[in-house]
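Below you'll find the structure, written out as C-alpha cells, and then a few comments.
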Amino acid sequence: MTGPSFATRIALLVSALTVLACLLVTALNYLKFERLLLTQHQRIFATIGADLVDTFERSMGIGVRLAEVPGGQALLDRAFGRDPDLRRIAVADAGGRILFDTERVRIGDAADPALLPDGLNRRAARAGGMDWIGLPVVNGFGQPEGSLLLGYGRAGIADRLIAIALDMAMPGLAALVIGLPLAWVAVFLAARPTRRLFAQLAALLADGALPAQDDPMLHALHGAIHGHGAMLDEAGARLEAIASRAPERPA
C-alpha cells in the first residue's frame, strides 16, 4: 500500500503552514488588543481612585484625620456607582486597618498587605478574582496617612475582546476557505512535471525501458544504467569462468 503522493505531501505542508500563520497572526493581534484594553480599563479606575484620594486629602486639609473625614463612607458609596465593573472600594489607615468600605462588614478588618501602596508609590495587583489599584492618601505634611484600595473586574472588556476576536478571525477564515483550495490546485499543477519525471524514473529503474521523450537527463541515466549493467554482466561471466576451472593440483 503506497503513501500520499509527492504533490499531496507538499499541499498538506503548505496547508499546515498557512493555518499556523493565520492562527499566529490572530493570536498576536488579540493579545495586543487585550493589553491595550486592559491598560485603558486600568486608567479609568485609576482616575476614579485619584478623584477620591483628592477629595479625602482636601478634607484632611481642614485639620481632620483620615478616619474623621466627614461623609467618608458616602464618598465611597457615590463613587461605587460610576462604573458597573467596580467591585469594591476601601480606605485604610496607615496601619492597614479598614476605615471605610463599600462592603461595610469588612470595616475594621485588616487590609491585604499585597494591595497596599508602597509608601507614596501606587500599586497594581490582582487578588480574589479582581484587579486592584492601591493609592496612597497623603496628609498636609506630605506623609502617608492611609491608602485607598479600588477593586474592579474585567466584564466590561470581555465582550469587546470577544467581538474583536471574531472580527479578526473572519478575514483569516475567509482567506483559508479561498486560499487553501487555490494552493492545492497550484501545487498539483506545479508538481505535474515532477510526478511525470518520477514515473519515468520508476519505469526506467524497473525494466530499463528507454524513455519516449527526448530528455537528455533520462537518456544519460538510461545509458549509465545499461553501462553499469554490462560491466556487472562481464564481471559475473568472469566469476563463473573462474569458478568452473578445475582446481590445480600441487606438483
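Restricting to region 1-46, name every residue that is more than 30 Å from VAL137 (Cα to Cα), open to solvent by 50 Å² or more (accessible area, probe 1.4 Å), among the hydroxyl-bearing types (Ser, Thr, Tyr) and modelled with pLDDT of 75 or more.
TYR30
Only one of these is loosely packed, with under 15 Cβ neighbours inside 10 Å, at pLDDT below 90, part of a helix (DSSP H, G or I) and of a type outside the set (Asp, Glu): ALA67, ALA124, ALA74. Name it.
Residue meeting the stated conditions: ALA67.
Would you point out the residue of region 77-103, among those that are among the acidic types (Asp, Glu) and closer than 23 Å to ASN121 by Cβ, that is least open to solvent (accessible area, probe 1.4 Å)?
Here the residue is ASP101.
The values are calculated or read from the model by the stated rules, or taken from the named source; none is laboratory data. These numbers come from a predicted model, not from an experiment. Neighbour counts run over all protein chains shown; Cβ positions are idealised from the backbone, glycine included. Accessible surface is based on the protein model in full, side chains and every heavy atom, while ligands, DNA and RNA are left aside. Shrake-Rupley method; radii C 1.70, N 1.55, O 1.52, S 1.80 Å.
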